[in-house]
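The values are calculated or read from the model by the stated rules, or taken from the named source; none is laboratory data. Not measured: the values here are computed from a predicted model. Cβ sites come from the backbone with ideal geometry, for glycine too, and all protein chains shown count toward neighbours.
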Amino acid sequence: MNFVMTLWDFIIRTKILSVLTILLIGLFLIQLITSTTKKFIINGIDQFETKRRNTIVKLINNMIKYFIYILMVIFILNAYGVDTKSIIASLGVAGVILGFALQSTVEDFVSGISIIMDNYFVVGDIVTYNDFTGEVIEMGLKSTKIRKANGEVFIIANRNINSIVNLSQHRAGLFIKTPTAYEEDVEKIEKVLKAVIEDAKKIPGVLKDSKYLGIDSMDDSAITYSILIECRQDNQWQIKREVLKLIKLAYEKENIKIPYPQIEVHNGKKI
């Protein structure tokens, strides 16, 4: 019993309960606010707007988290009788000094805000910075991380992002040419390719402007038909592969012949 009383007296004297209460309330507020912002801001009117809002949510959550951490430290110091008013007042002078000392960090923070508000790019976009092309995997208050297709990660300070190409905010036009045997009926081919385009529009990233263009050329052994697939730039090559697969399957289903080079060998006999 004496041990319990001694322990309780120690907890009271050292303000452990107060500190634990402050920590628990602070962590609870962080969890509550971050989960609430995700619920209200997560969905946008399109894929780009959704990614933009997700990026803003992460940035806001980081700012809220740091702010609550600062408040927790102030309340804990108050619990131990430290005069935090004088500390806060002195922080004003220290803030000016730190502003000069950490000028680059402040520039990174301001640039990060500008990037998001001006729609330069968001997490998930495919961008090109100088000669480096990759996906934006993380945006922080100080830097941005871009990951290349081979796994390389490029980290750039936000203040240095003054010129960048965003491939995700622009559309790409894929001109797909399909060689077809001369003996195949033209109207049948056009009907099949138009049906392929309608199926292609169901692929994520393919736009409704995609269309059949017509006969592109009449070559030695084939008539080449051309279609235009309008899509987002960030996944255009995967879309092209899927559309080519649709064409191949459609040609096989309709028994349409795709010509290929052939060599006739007569073994020295007269033709």
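When you go through (1) over 13 Å from the mean Cα position of the chain (by Cα); (2) of a type outside the set (A, V, I, L, M, F, W, C); (3) at pLDDT below 85; (4) surrounded by fewer than 16 Cβ atoms within 10 Å (Cβ to Cβ) one by one for E138, which number turns out not to apply?
If we test E138 against (1) over 13 Å from the mean Cα position of the chain (by Cα); (2) of a type outside the set (A, V, I, L, M, F, W, C); (3) at pLDDT below 85; (4) surrounded by fewer than 16 Cβ atoms within 10 Å (Cβ to Cβ), just (1) comes out false.
Hey, can you tell me all the residues within region 219-266 that are in a helix (DSSP H, G or I), among the polar types (S, T, N, Q) and modelled with pLDDT of 85 or more?
The one that is in a helix (DSSP H, G or I), among the polar types (S, T, N, Q) and modelled with pLDDT of 85 or more: Q238.
Assuming I164 fulfils every condition listed in (1) surrounded by 12 or more Cβ atoms within 10 Å (Cβ to Cβ); (2) under 30 Å from P259 (Cβ atoms); (3) without any contact (Cβ under 8 Å) to a residue 60 or more places away in the chain apart from one, which condition is it?
(2)
Matching residues to (1) surrounded by fewer than 16 Cβ atoms within 10 Å (Cβ to Cβ); (2) under 15 Å from F175 (Cα atoms); (3) of a type outside the set (K, R):
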{"position": "E187", "(1), (2), (3)": "yes, no, yes"}
{"position": "V192", "(1), (2), (3)": "no, no, yes"}
{"position": "V196", "(1), (2), (3)": "no, yes, yes"}
{"position": "V206", "(1), (2), (3)": "no, yes, yes"}
{"position": "M218", "(1), (2), (3)": "yes, no, yes"}
{"position": "T224", "(1), (2), (3)": "yes, yes, yes"}
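Do we have K211 as modelled with pLDDT of 85 or more and of a type in the set (D, E, K, R) here?
yes
Determine which member of the set G173, G124, G134 is touching a residue at least 24 places away in the same chain (Cβ under 8 Å) and within 20 Å of N54 (Cα to Cα). Walk me through how you get there before you give the answer.
Numbers: G173 fails: within 20 Å of N54 (Cα to Cα); G134 fails: touching a residue at least 24 places away in the same chain (Cβ under 8 Å).
One residue alone meets the criteria, G124.
So, of the residues in region 143-158 that are part of a loop (DSSP other than H, G, I, E, B) and within 15 Å of the chain's Cα centre (by Cα), which turns out to be surrounded by the most Cβ atoms within 10 Å (Cβ to Cβ)?
Among those that are part of a loop (DSSP other than H, G, I, E, B) and within 15 Å of the chain's Cα centre (by Cα), it is K148.
Please give the helices (runs of 4 or more DSSP H) falling wholly within region 1-92 in which 3 or more residues are at pLDDT 60 or above.
16-41, 47-79
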